[in-house]
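The values are calculated or read from the model by the stated rules, or taken from the named source; none is laboratory data. All values reported here derive from a predicted model rather than from experimental measurement. Cβ atoms come from the backbone with ideal geometry, glycine included; neighbour counts cover every protein chain shown.
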Amino acid sequence: MNSGAALPNGAASELLYYCRAGFEPELAAELMTRASRSGHGAYPRFDAQGGFLRLIPVDGAVEPLAAALPLQDLIFARQALRALPPLSGLPRDDRLTPIVESLLASGWTVDAIWHETPDTNAGKALNRLTRVLERPLASVLRKRGVLKSHAQGRRLHCFWSRGDCVQLGLSLPGQRSEWPGGVLRLRAPRDAPSRSTLKLEEAWHQFIPREEWDTRLAEGMTAADLGAAPGGWTYQLVRRGMHVHAVDNGPMDPQLMATTQVEHHRADAYAWRPPRQVDWLVCDMVDQPARVTARVTEWLAGGWCREAVFNLKLPMKQRWAMVQSCLADLQQGLASAGVSATVRARQLYHDREEITVHVRLEPVHREPVRPKSRPRRSGA
């Protein structure tokens, strides 16, 4: 962490994570697994369907625990914050004073304030309250020296779980989601064959830096879409100017086919293979996650594609165990084939009972072949 953005010693007492409502147990299992592997003791607190989770370090040391659980490595977390204990029972006639006093005691200084709520129906009902409090709180904190023009990018998050309960969290540049609530909200294109198209678009925003889109999602590239019909994911590839092998026995959207950028293969997605290497493989098939993982691993290990994005539909129970098993099988399959790759996974906002996985093969660096020296002629 940048020392210039460091927190006052002992200011935060826990970590606060946002997640999809209903996936609090999976996030808790993931955090506990990763914390244990790194040698840190912690325990979670959450309410079912609450849409957030608090993680408290056993020894009270927040920073080492935060360093061991970077947001970019987490699958079920949308946002990660250092946090103060929740302020509950706030009086309706003066919610601001307890917040200001708590912040002054913490020693925090920030250059922005975000008011957020859980991504639930109950959370959305609090939006009017947060709008009413936004300006008065900013005014008071500016006068008291908490809100400054330059605070090295530190941001205050006022997370309202109820009208009388707020938890104050702090985020640092490079260690947080830059989207409110940790959610990237996209508008579905009117001409897209299905709303599933937003999953692939969000995946690109999540896994590929925007400045690399013109080279990694370039016009003229080739792609394969397994289980493509009716074409929600193919639509995104076509929009980027790619030529797409759409593999599915079902019908494709006529407008997509009219672009002449799509070659429809009425074939089994588990048997079809490309005539040559493609730049991208995408897959959003409704099937057992282990079976999908095995098929994508075959593509990557065989060098049939350079990058892949695929979804894994999770079971109702043992979701974290299934995720661990599939990702381990993927890594083992690539290692057995001698393939190096970067693997990331995330439950996206537009995902439901699933996660999205991104794999990018690392380029193979070969030593240049030196021309053999010619033997010297005997005599002269």
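How many residues are out of contact with any Leu (no Cβ under 9 Å at 6 or more places or on another chain), acidic (Asp, Glu) and assigned to a loop (DSSP other than H, G, I, E, B) if we restrict to segment 86-129?
Counting residues in segment 86-129 that are out of contact with any Leu (no Cβ under 9 Å at 6 or more places or on another chain), acidic (Asp, Glu) and assigned to a loop (DSSP other than H, G, I, E, B) gives 3.
What's the number of the only condition in (1) closer than 28 Å to His265 by Cβ; (2) among the hydroxyl-bearing types (Ser, Thr, Tyr); (3) part of a loop (DSSP other than H, G, I, E, B) that Thr215 fails to meet?
Single failed check for Thr215: (3).
Within the group Trp204, Trp233, Trp179, which residue is of a type outside the set (S, T, N, Q) and closer than 30 Å to Leu133 by Cα?
Exactly one residue qualifies, and that residue is Trp179.
Residue by residue, here is whether (1) acidic (Asp, Glu); (2) touching a Ser or Thr at 6+ places or on another chain (Cβ under 8 Å); (3) without any contact (Cβ under 8 Å) to a residue 60 or more places away in the chain holds:
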{"residue": "Thr197", "(1), (2), (3)": "no, no, yes"}
{"residue": "Met221", "(1), (2), (3)": "no, no, yes"}
{"residue": "Gly232", "(1), (2), (3)": "no, yes, yes"}
{"residue": "Leu237", "(1), (2), (3)": "no, no, yes"}
{"residue": "Gly250", "(1), (2), (3)": "no, no, yes"}
{"residue": "Leu256", "(1), (2), (3)": "no, yes, no"}
{"residue": "Val262", "(1), (2), (3)": "no, yes, yes"}
{"residue": "Ala267", "(1), (2), (3)": "no, no, yes"}
{"residue": "Tyr270", "(1), (2), (3)": "no, no, yes"}
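Hey, among Ala83, Ala42, Ala21, Ala66, which residue is modelled with pLDDT of 95 or more, surrounded by 19 or more Cβ atoms within 10 Å (Cβ to Cβ), closer than 28 Å to Val132 by Cα and small (Gly, Ala, Ser)?
Result of the check over Ala83, Ala42, Ala21, Ala66: Ala83.
Take the conditions at pLDDT 95 or above, among the aliphatic types (A, V, I, L, M), closer than 30 Å to Asp284 by Cα and assigned to a helix (DSSP H, G or I) and apply them to Ala138. Does it pass?
no
Rundown of residues vs (1) at pLDDT below 95; (2) surrounded by fewer than 17 Cβ atoms within 10 Å (Cβ to Cβ); (3) touching a strand residue (DSSP E or B) at 6+ places or on another chain (Cβ under 9 Å); (4) of a type in the set (Val, Ile, Thr), yes/no style:
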{"site": "Leu168", "(1), (2), (3), (4)": "no, no, yes, no"}
{"site": "Glu201", "(1), (2), (3), (4)": "no, no, no, no"}
{"site": "Phe207", "(1), (2), (3), (4)": "no, no, yes, no"}
{"site": "Glu219", "(1), (2), (3), (4)": "no, yes, no, no"}
{"site": "Gly227", "(1), (2), (3), (4)": "no, no, yes, no"}
{"site": "Thr234", "(1), (2), (3), (4)": "no, no, yes, yes"}
{"site": "Leu237", "(1), (2), (3), (4)": "no, no, yes, no"}
{"site": "Ala258", "(1), (2), (3), (4)": "no, yes, no, no"}
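Please indicate, with yes or no, whether at least one residue in segment 321-339 is in contact with a Gly (Cβ under 9 Å, 6 or more places away or on another chain), hydrophobic (A, V, I, L, M, F, W, C), in a loop (DSSP other than H, G, I, E, B) and on the phi < 0 side of the Ramachandran plot. Walk me through how you get there before you give the answer.
Taking segment 321-339 and keeping what is in contact with a Gly (Cβ under 9 Å, 6 or more places away or on another chain), we get 337, 339.
Still in the running and hydrophobic (A, V, I, L, M, F, W, C): 337, 339.
Keeping just the survivors that are in a loop (DSSP other than H, G, I, E, B) gives 337, 339.
From what is left, the residues that are on the phi < 0 side of the Ramachandran plot are 337, 339.
Looking for residues that are in contact with a Gly (Cβ under 9 Å, 6 or more places away or on another chain), hydrophobic (A, V, I, L, M, F, W, C), in a loop (DSSP other than H, G, I, E, B) and on the phi < 0 side of the Ramachandran plot, one finds at least one in segment 321-339, hence yes.
Answer yes or no as to whether Thr222 is of a type in the set (Ser, Thr, Tyr) and more than 23 Å from Gln347 (Cβ to Cβ).
For Thr222, the condition - of a type in the set (Ser, Thr, Tyr) and more than 23 Å from Gln347 (Cβ to Cβ) - is met.
Tell me the residue from Met285, Met316, Met252 that is out of contact with any His (no Cβ under 7 Å at 6 or more places or on another chain) and modelled with pLDDT of 95 or more, please.
Criteria check complete, one pass: Met285.
Is it the case that segment 41-64 has a residue that's touching a residue at least 40 places away in the same chain (Cβ under 8 Å), assigned to a loop (DSSP other than H, G, I, E, B) and basic (Lys, Arg)?
Scanning segment 41-64, I find no residue that is touching a residue at least 40 places away in the same chain (Cβ under 8 Å), assigned to a loop (DSSP other than H, G, I, E, B) and basic (Lys, Arg), so the answer is no.
Mind telling me which of the residues Leu31, Leu16, Leu7 ends up being surrounded by 18 or more Cβ atoms within 10 Å (Cβ to Cβ) and modelled with pLDDT under 95?
Leu7
Can you tell me which residue in segment 108-134 is farthest from Arg95 (Cα to Cα), limited to those that are buried (at least 16 other Cβ atoms within 10 Å of the Cβ) and among the charged types (D, E, K, R)?
Only one residue fits best here, namely Asp119.
Would you call Ala290 in contact with a Ser or Thr (Cβ under 8 Å, 6 or more places away or on another chain) and touching a residue at least 60 places away in the same chain (Cβ under 8 Å)?
Numbers: in contact with a Ser or Thr (Cβ under 8 Å, 6 or more places away or on another chain): yes; touching a residue at least 60 places away in the same chain (Cβ under 8 Å): no.
No; evaluated as a whole, the condition is false for this residue.
Write out, first by first residue and then by second, each pair whose Cβ atoms fall under 6 Å of each other, whose residues are 6+ apart or on separate chains, and whose first residue, in segment 348-376, is outside any strand (DSSP E or B) and modelled with pLDDT of 75 or more while the second is buried (at least 18 other Cβ atoms within 10 Å of the Cβ) and acidic (Asp, Glu).
Every condition considered, the pairs that remain are Leu348/Glu202; His350/Glu202.
With respect to Leu281, determine if the residue is in contact (Cβ under 8 Å) with a residue 24 or more places away in the chain, within 13 Å of Val359 (Cβ to Cβ), assigned to a strand (DSSP E or B) and under 29 Å from the mean Cα position of the chain (by Cα).
yes
Which one of these is buried (at least 19 other Cβ atoms within 10 Å of the Cβ), more than 24 Å from Leu53 (Cβ to Cβ) and either among the hydroxyl-bearing types (Ser, Thr, Tyr) or touching a residue at least 40 places away in the same chain (Cβ under 8 Å) (or both): Leu172, Leu147, Leu103, Leu137?
Within the list Leu172, Leu147, Leu103, Leu137, the selection yields Leu137.
Restricting to segment 51-63, give me the number of residues that are out of contact with any Cys (no Cβ under 8 Å at 6 or more places or on another chain) and either within 24 Å of Gln206 (Cα to Cα) or surrounded by 23 or more Cβ atoms within 10 Å (Cβ to Cβ) (or both).
Let us first name the residues in segment 51-63 that are out of contact with any Cys (no Cβ under 8 Å at 6 or more places or on another chain), namely 54-63.
Cutting the leftovers down to either within 24 Å of Gln206 (Cα to Cα) or surrounded by 23 or more Cβ atoms within 10 Å (Cβ to Cβ) (or both) gives us 54-55.
Total meeting the criteria: 2.
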